[in-house]
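Comments concern the structure below.
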Amino acid sequence: MKIGIISDIHEDINGLKKAFGILKENDCTEFICLGDITGFSVDEFMSYYNHRDANACLDLVKNSCSAVVPGNHDLYNTHRIPKFISNFIYPENWYEMTYDERKKLADNRIWLYEHSDLSPMLNRRNQKYLQSLEEFQIYSSESKNILCSHSAYPDLSGSTNHFIANSNELGSHFKFMQEHNCTIGLSGHHHPEAAIIATDSSFELKDFGKFQLPNELCWIVVPSIAESDRKLGVSVLDLSEMTIEFIKL
(Lines give C-alpha, C1' and ligand atoms only; values in the text may rest on other atoms or scores of the structure.)
Protein backbone atom coordinates (compact mmCIF):
# COMPACT_ATOMS: atom_id res chain seq x y z
CA MET A 1 0.00 0.00 0.00
CA LYS A 2 1.24 3.46 -0.92
CA ILE A 3 0.45 6.43 1.31
CA GLY A 4 0.71 9.99 0.00
CA ILE A 5 1.97 12.56 2.50
CA ILE A 6 1.53 16.33 2.32
CA SER A 7 2.42 19.13 4.71
CA ASP A 8 2.69 22.90 5.06
CA ILE A 9 0.14 23.96 2.47
CA HIS A 10 -0.29 27.49 3.83
CA GLU A 11 -3.44 28.17 1.79
CA ASP A 12 -1.77 27.43 -1.58
CA ILE A 13 -4.69 25.75 -3.33
CA ASN A 14 -2.92 25.45 -6.70
CA GLY A 15 0.05 23.74 -5.06
CA LEU A 16 -2.27 21.42 -3.15
CA LYS A 17 -4.16 20.33 -6.27
CA LYS A 18 -0.87 19.68 -8.04
CA ALA A 19 0.36 17.67 -5.03
CA PHE A 20 -2.69 15.39 -5.03
CA GLY A 21 -2.33 14.91 -8.78
CA ILE A 22 1.28 13.74 -8.40
CA LEU A 23 0.42 11.41 -5.52
CA LYS A 24 -2.44 9.81 -7.44
CA GLU A 25 -0.16 9.36 -10.47
CA ASN A 26 2.14 7.43 -8.11
CA ASP A 27 -0.67 5.04 -7.12
CA CYS A 28 -1.31 6.40 -3.62
CA THR A 29 -4.62 5.20 -2.22
CA GLU A 30 -4.42 6.81 1.23
CA PHE A 31 -3.36 10.33 2.17
CA ILE A 32 -1.97 11.97 5.30
CA CYS A 33 -1.80 15.71 5.98
CA LEU A 34 0.71 16.92 8.58
CA GLY A 35 -0.63 20.39 9.23
CA ASP A 36 -0.29 24.10 8.54
CA ILE A 37 -3.11 24.01 6.05
CA THR A 38 -3.62 27.67 6.95
CA GLY A 39 -1.12 30.41 7.72
CA PHE A 40 -0.29 32.85 4.93
CA SER A 41 2.86 34.81 5.81
CA VAL A 42 3.23 37.85 3.57
CA ASP A 43 7.01 37.88 3.88
CA GLU A 44 7.30 34.29 2.60
CA PHE A 45 4.36 33.40 0.36
CA MET A 46 3.44 36.57 -1.60
CA SER A 47 4.01 34.78 -4.91
CA TYR A 48 0.54 33.20 -4.65
CA TYR A 49 -1.29 35.99 -2.83
CA ASN A 50 -3.96 36.27 -5.53
CA HIS A 51 -4.95 32.60 -5.42
CA ARG A 52 -4.57 31.69 -1.74
CA ASP A 53 -7.72 29.99 -0.45
CA ALA A 54 -7.72 28.45 3.02
CA ASN A 55 -11.30 27.19 2.79
CA ALA A 56 -10.73 25.41 -0.52
CA CYS A 57 -7.56 23.81 0.91
CA LEU A 58 -9.39 22.61 4.00
CA ASP A 59 -12.27 21.20 1.97
CA LEU A 60 -9.87 19.23 -0.23
CA VAL A 61 -7.83 17.93 2.71
CA LYS A 62 -10.92 17.00 4.71
CA ASN A 63 -12.43 15.06 1.81
CA SER A 64 -9.20 13.31 0.78
CA CYS A 65 -7.08 12.49 3.83
CA SER A 66 -7.38 9.58 6.25
CA ALA A 67 -5.27 11.32 8.90
CA VAL A 68 -4.94 15.08 9.49
CA VAL A 69 -3.18 16.95 12.28
CA PRO A 70 -3.02 20.72 12.88
CA GLY A 71 0.13 22.80 12.73
CA ASN A 72 1.08 25.85 14.77
CA HIS A 73 -0.59 28.22 12.28
CA ASP A 74 -3.79 26.15 12.37
CA LEU A 75 -3.91 26.41 16.16
CA TYR A 76 -3.34 30.16 16.03
CA ASN A 77 -6.02 30.71 13.38
CA THR A 78 -8.62 28.99 15.56
CA HIS A 79 -7.34 30.54 18.82
CA ARG A 80 -6.32 27.21 20.31
CA ILE A 81 -3.70 26.86 23.03
CA PRO A 82 -1.41 23.85 22.39
CA LYS A 83 -1.93 20.81 24.62
CA PHE A 84 1.62 19.64 23.96
CA ILE A 85 4.31 22.26 24.43
CA SER A 86 7.78 22.73 25.91
CA ASN A 87 9.44 25.65 27.68
CA PHE A 88 6.32 27.86 27.81
CA ILE A 89 3.06 27.96 29.78
CA TYR A 90 0.23 29.76 28.00
CA PRO A 91 -2.03 31.91 30.21
CA GLU A 92 -5.70 30.98 29.87
CA ASN A 93 -6.48 34.46 28.56
CA TRP A 94 -3.69 34.34 25.96
CA TYR A 95 -5.86 35.42 23.05
CA GLU A 96 -7.45 38.21 25.05
CA MET A 97 -4.10 39.89 25.65
CA THR A 98 -2.66 42.59 23.44
CA TYR A 99 0.12 41.73 21.04
CA ASP A 100 2.66 43.65 23.15
CA GLU A 101 1.63 41.75 26.29
CA ARG A 102 2.00 38.41 24.55
CA LYS A 103 5.30 39.39 22.95
CA LYS A 104 6.73 40.26 26.36
CA LEU A 105 5.59 36.95 27.89
CA ALA A 106 6.75 34.95 24.88
CA ASP A 107 10.31 36.23 25.26
CA ASN A 108 11.22 34.87 21.80
CA ARG A 109 10.36 31.30 22.81
CA ILE A 110 7.16 30.79 20.81
CA TRP A 111 5.81 31.97 17.49
CA LEU A 112 3.75 35.14 17.28
CA TYR A 113 1.91 35.73 14.04
CA GLU A 114 0.24 39.13 13.80
CA HIS A 115 3.28 40.90 12.34
CA SER A 116 3.34 38.68 9.25
CA ASP A 117 0.20 36.54 8.80
CA LEU A 118 -3.02 37.49 7.02
CA SER A 119 -6.37 36.18 8.23
CA PRO A 120 -7.39 32.92 6.51
CA MET A 121 -11.04 34.10 6.47
CA LEU A 122 -12.31 30.68 7.52
CA ASN A 123 -15.97 29.81 7.24
CA ARG A 124 -17.69 28.32 10.29
CA ARG A 125 -17.56 24.78 8.94
CA ASN A 126 -13.80 24.85 8.53
CA GLN A 127 -13.26 26.64 11.83
CA LYS A 128 -15.03 23.75 13.56
CA TYR A 129 -13.07 21.22 11.54
CA LEU A 130 -9.69 22.70 12.52
CA GLN A 131 -10.81 22.97 16.13
CA SER A 132 -11.69 19.26 16.15
CA LEU A 133 -8.24 18.03 15.07
CA GLU A 134 -5.99 16.41 17.67
CA GLU A 135 -2.32 17.43 17.80
CA PHE A 136 -1.24 13.90 16.96
CA GLN A 137 -2.90 10.98 15.25
CA ILE A 138 -1.91 7.35 14.89
CA TYR A 139 -2.33 5.96 11.41
CA SER A 140 -2.64 2.18 11.65
CA SER A 141 -1.98 -0.22 8.82
CA GLU A 142 -1.76 -4.01 8.85
CA SER A 143 1.99 -3.90 9.42
CA LYS A 144 2.88 -0.56 11.04
CA ASN A 145 1.60 2.15 13.34
CA ILE A 146 2.61 5.64 12.24
CA LEU A 147 2.68 8.65 14.54
CA CYS A 148 1.54 11.75 12.65
CA SER A 149 2.31 15.18 14.10
CA HIS A 150 3.30 18.59 12.80
CA SER A 151 6.57 18.53 14.79
CA ALA A 152 8.31 16.46 17.46
CA TYR A 153 7.20 15.75 21.03
CA PRO A 154 6.83 17.54 23.37
CA ASP A 155 6.10 20.38 20.93
CA LEU A 156 3.84 18.39 18.62
CA SER A 157 2.26 21.42 16.95
CA GLY A 158 5.54 23.27 16.37
CA SER A 159 4.40 26.25 18.44
CA THR A 160 7.83 26.99 19.90
CA ASN A 161 10.35 28.66 17.60
CA HIS A 162 12.92 25.89 18.03
CA PHE A 163 13.66 23.51 15.17
CA ILE A 164 15.10 20.03 15.74
CA ALA A 165 18.71 19.95 14.54
CA ASN A 166 20.08 16.54 15.60
CA SER A 167 19.16 13.11 16.96
CA ASN A 168 20.05 14.08 20.53
CA GLU A 169 16.91 16.22 20.59
CA LEU A 170 14.61 13.36 19.57
CA GLY A 171 14.82 11.14 22.65
CA SER A 172 11.45 12.33 24.00
CA HIS A 173 9.81 11.93 20.61
CA PHE A 174 11.07 8.36 20.13
CA LYS A 175 9.88 7.50 23.64
CA PHE A 176 6.47 9.01 22.82
CA MET A 177 6.37 6.88 19.65
CA GLN A 178 7.17 3.72 21.64
CA GLU A 179 4.47 4.52 24.18
CA HIS A 180 1.98 4.56 21.31
CA ASN A 181 3.43 1.44 19.65
CA CYS A 182 4.63 3.38 16.60
CA THR A 183 7.79 2.61 14.65
CA ILE A 184 7.53 5.46 12.12
CA GLY A 185 6.99 9.13 12.92
CA LEU A 186 5.94 11.66 10.28
CA SER A 187 6.19 15.43 10.62
CA GLY A 188 6.32 18.61 8.58
CA HIS A 189 6.89 22.12 9.95
CA HIS A 190 10.66 22.33 9.33
CA HIS A 191 10.39 23.10 5.58
CA PRO A 192 13.55 21.07 4.93
CA GLU A 193 15.65 20.97 1.75
CA ALA A 194 14.00 18.57 0.82
CA ALA A 195 13.47 16.05 3.68
CA ILE A 196 14.97 14.57 6.87
CA ILE A 197 15.26 10.96 8.02
CA ALA A 198 16.40 10.56 11.62
CA THR A 199 17.00 7.66 13.98
CA ASP A 200 18.43 7.48 17.48
CA SER A 201 21.93 7.63 16.00
CA SER A 202 21.60 9.54 12.71
CA PHE A 203 20.08 12.75 11.39
CA GLU A 204 20.29 12.97 7.60
CA LEU A 205 19.10 15.63 5.19
CA LYS A 206 17.76 13.95 2.06
CA ASP A 207 17.24 15.29 -1.44
CA PHE A 208 14.46 14.07 -3.71
CA GLY A 209 14.52 10.34 -4.44
CA LYS A 210 13.59 6.97 -2.95
CA PHE A 211 15.13 5.69 0.29
CA GLN A 212 14.93 2.47 2.28
CA LEU A 213 13.58 2.99 5.77
CA PRO A 214 15.88 1.96 8.63
CA ASN A 215 15.07 -1.15 10.69
CA GLU A 216 14.59 0.91 13.84
CA LEU A 217 12.50 3.79 15.11
CA CYS A 218 12.67 6.62 12.61
CA TRP A 219 11.36 10.16 12.33
CA ILE A 220 10.71 11.54 8.85
CA VAL A 221 10.27 15.23 8.08
CA VAL A 222 8.61 15.71 4.71
CA PRO A 223 8.92 18.63 2.28
CA SER A 224 6.42 21.48 2.16
CA ILE A 225 3.90 22.31 -0.56
CA ALA A 226 3.46 26.09 -0.26
CA GLU A 227 5.22 27.96 -3.06
CA SER A 228 8.36 29.64 -1.70
CA ASP A 229 12.12 29.69 -2.21
CA ARG A 230 12.40 26.27 -0.50
CA LYS A 231 12.50 22.88 -2.22
CA LEU A 232 8.87 21.79 -2.51
CA GLY A 233 7.54 18.28 -2.72
CA VAL A 234 5.30 15.42 -1.72
CA SER A 235 6.15 12.04 -0.22
CA VAL A 236 5.12 8.47 -0.97
CA LEU A 237 5.42 5.92 1.83
CA ASP A 238 5.36 2.33 0.59
CA LEU A 239 4.81 0.01 3.55
CA SER A 240 5.11 -3.15 1.47
CA GLU A 241 8.66 -2.21 0.39
CA MET A 242 9.40 -0.09 3.49
CA THR A 243 10.55 2.85 1.37
CA ILE A 244 9.87 6.58 1.36
CA GLU A 245 10.09 8.58 -1.85
CA PHE A 246 10.34 12.37 -1.90
CA ILE A 247 9.03 13.78 -5.18
CA LYS A 248 9.71 17.31 -6.38
CA LEU A 249 6.61 19.47 -6.76
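Hey, can you tell me all the residues within the range 4-37 that are of a type in the set (Val, Ile, Thr), out of contact with any His (no Cβ under 7 Å at 6 or more places or on another chain) and open to solvent by 10 Å² or more (accessible area, probe 1.4 Å)?
To start, the set of residues in the range 4-37 that are of a type in the set (Val, Ile, Thr) comprises 5-6, 9, 13, 22, 29, 32, 37.
Adding the requirement that they be out of contact with any His (no Cβ under 7 Å at 6 or more places or on another chain) leaves 5-6, 9, 22, 29, 32, 37.
Correct list: Ile22, Thr29.
Residue under question is Gly15, and the condition is that it be small (Gly, Ala, Ser) and farther than 16 Å from Ser187 by Cα; does it hold? Let's see the steps before the verdict.
Numbers: small (Gly, Ala, Ser): yes; farther than 16 Å from Ser187 by Cα: yes.
In short, yes.
Take Glu114 and decide whether it is in contact with a His (Cβ under 8 Å, 6 or more places away or on another chain), charged (D, E, K, R) and more than 21 Å from Asn14 (Cβ to Cβ). Full working, then the answer.
Values: in contact with a His (Cβ under 8 Å, 6 or more places away or on another chain): no; charged (D, E, K, R): yes; more than 21 Å from Asn14 (Cβ to Cβ): yes.
Against the criterion (in contact with a His (Cβ under 8 Å, 6 or more places away or on another chain), charged (D, E, K, R) and more than 21 Å from Asn14 (Cβ to Cβ)), Glu114 does not qualify.
I'd like the full set of residues that are among the hydroxyl-bearing types (Ser, Thr, Tyr) and under 15 Å from Ser159 (Cα atoms), limited to the range 97-134.
Just the residues of the range 97-134 that are among the hydroxyl-bearing types (Ser, Thr, Tyr), to begin with: 98-99, 113, 116, 119, 129, 132.
Correct list: Tyr113 only.
Inside the range 46-66, can you point out the residues that are open to solvent by less than 30 Å² (accessible area, probe 1.4 Å), of a type in the set (Ser, Thr, Tyr) and free of Cβ contacts under 8 Å to residues at least 60 places away in the same chain?
Once the filter is applied, which keeps residues that are open to solvent by less than 30 Å² (accessible area, probe 1.4 Å), of a type in the set (Ser, Thr, Tyr) and free of Cβ contacts under 8 Å to residues at least 60 places away in the same chain, the range 46-66 yields nothing.
Yes or no: the range 38-45 includes at least one residue that is within 19 Å of Thr243 (Cα to Cα), in contact with a helix residue (DSSP H, G or I) (Cβ under 8 Å, 6 or more places away or on another chain) and either buried (at least 24 other Cβ atoms within 10 Å of the Cβ) or aromatic (Phe, Trp, Tyr) (or both). Full working, then the answer.
Our first condition is that a residue be within 19 Å of Thr243 (Cα to Cα); within the range 38-45, this holds for none.
No, the range 38-45 has no match at all.
Could you list all residues from the range 171-216 that are over 19 Å from the mean Cα position of the chain (by Cα) and crowded, with 19+ Cβ neighbours inside 10 Å?
Answer for the range 171-216, where residues must be over 19 Å from the mean Cα position of the chain (by Cα) and crowded, with 19+ Cβ neighbours inside 10 Å: just Leu213.
The values are calculated or read from the model by the stated rules, or taken from the named source; none is laboratory data. It should be emphasised that the depicted structure is a prediction, and the values quoted were computed from it without experimental measurement. Cβ atoms come from the backbone with ideal geometry, glycine included; neighbour counts cover every protein chain shown. Protein only, heavy atoms only, side chains kept; ligands, DNA and RNA dropped before computing areas. Shrake-Rupley method; radii C 1.70, N 1.55, O 1.52, S 1.80 Å.
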